[in-house]
Amino acid sequence: MSQLSRTLHAHGRRTAVAVTLACVLTATVQQPAHGEPSTLPEVQAELRRLYRQAERATEKYNAVDEEVTAQEKRVRTLTARITAAETRLDRLTSLAGAAARAQYRSGGLPAEVQFALSSEPENALHNASLARRAQQSTLGVLTALADTEDDLRTRKTDASEELDTLRGSRRARAAERRTIEKNIASAKRLESRLKAEQRRELAELEEKEAEEAQAEWEESGILDQVGTEATKAGRKAIAFATRQIGKPYVWGAEGPDSFDCSGLTSQAWLYAGVTIPRTSEEQWRQLTRVPVENMRPGDLIIYYDDASHVALYIGDGEVIQAPRPGRWVYISPVASMEILGVVRPDA
């Protein structure tokens, strides 16, 4: 056992390890840059911070990505309607031109005057009726032409505004992408300085903390209160999530080969026949909330005060989750992270 491990065991739990990694493991770690974490708990805290920031940005990216998709659909719809309106405008313009030419050929006189000047009085009434209908028809064409022109202008304005909004959303999506990639890159650089033994010790420390948090949660007696039976849809969602165990976490992914946290939960419930919001924030905002003590298998556990992480409760105090970059979909204790609350997709 390394000196660092003995220090951890001697102090019981996640105490501040005062000895730096550079001093304790000089043979296996590079000297950290000034201001960077040097003890194992500091490294752990920094990794959590970086991955939390990446996950928050991922959920924002997912939300913007959904909006961009919806906006692109609206723009396509508006474009199709503009094309249809332009076709109608061309047809009405042609009809209006034909009506104007016909009126010119007939002398352009009102029906009453044509009636008075008719050389064949016996046909005058019939001709007047035909002329009136022709004028009404021409008026209808011109009215439709004006309406179509107005409609076309409105649709073009709407499309222009929608395109501006779409461009803004795409810029926001690109900004979130840069934030995600920056934080993941920083976390990977930090992890790259840890050698195999230190990574093992870090994993042990994280596991110990999760076990302690879970034990404290269970000691409250909450497992004696929660439901143990899932609904039919809930069982389907759990079955789907279970089949994804071992697949990698990839930010922005919703299957079939990789997932992020809300990509996994939204796809699991979609498989069960229930459409839920794509992001953990919207799942928390829109789905029915239930007290933690009343949760049942299939419910979603929302984590952290900003609702930036979500997992699927499967019973017996465990969840299936897609944790973070570099990890895989796996089963973990429900209380291994800070619980914000529980939502029920099939309430």
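The values are calculated or read from the model by the stated rules, or taken from the named source; none is laboratory data. Quick caveat: nothing in here was measured; it's all calculated off a predicted structure. Neighbour counts run over all protein chains shown; Cβ positions are idealised from the backbone, glycine included.
Scoring residue 328 on the criteria (1) closer than 19 Å to residue 59 by Cα; (2) of a type outside the set (Lys, Arg); (3) in contact with a Leu (Cβ under 7 Å, 6 or more places away or on another chain); (4) touching a residue at least 60 places away in the same chain (Cβ under 8 Å) leaves a single failure, condition (3). Reported count of residues in the range 250-291, each being surrounded by fewer than 20 Cβ atoms within 10 Å (Cβ to Cβ), under 17 Å from residue 230 (Cβ atoms) and among the aliphatic types (A, V, I, L, M), is 3.
Counting just the residues of the range 149-159 that are over 18 Å from residue 93 (Cα atoms) and either among the basic types (Lys, Arg) or at pLDDT 80 or above (or both), which one comes out surrounded by the fewest Cβ atoms within 10 Å (Cβ to Cβ)? If we take residues in the range 149-159 being over 18 Å from residue 93 (Cα atoms) and either among the basic types (Lys, Arg) or at pLDDT 80 or above (or both), then 157 is surrounded by the fewest Cβ atoms within 10 Å (Cβ to Cβ).
For the range 240-257, which positions are in a loop (DSSP other than H, G, I, E, B) and either in contact (Cβ under 8 Å) with a residue 24 or more places away in the chain or basic (Lys, Arg) (or both)? Of everything in the range 240-257, those that are in a loop (DSSP other than H, G, I, E, B) and either in contact (Cβ under 8 Å) with a residue 24 or more places away in the chain or basic (Lys, Arg) (or both) turn out to be 244, 245, 246, 247, 250, 251, 252. Do we find a residue being in contact with a His (Cβ under 9 Å, 6 or more places away or on another chain), part of a strand (DSSP E or B) and aliphatic (A, V, I, L, M) anywhere in the range 306-329? So far as the range 306-329 goes, no, none of its residues is in contact with a His (Cβ under 9 Å, 6 or more places away or on another chain), part of a strand (DSSP E or B) and aliphatic (A, V, I, L, M). Checking 86, 46, 66 one by one, the residue that is surrounded by fewer than 19 Cβ atoms within 10 Å (Cβ to Cβ), closer than 30 Å to residue 308 by Cβ, among the charged types (D, E, K, R) and at pLDDT below 85 is 66 and no other. The condition (being surrounded by 14 or more Cβ atoms within 10 Å (Cβ to Cβ), within 30 Å of the chain's Cα centre (by Cα) and not assigned by TED's automatic domain parsing to the domain that holds residue 316) is satisfied by just one residue among 230, 210: 210.
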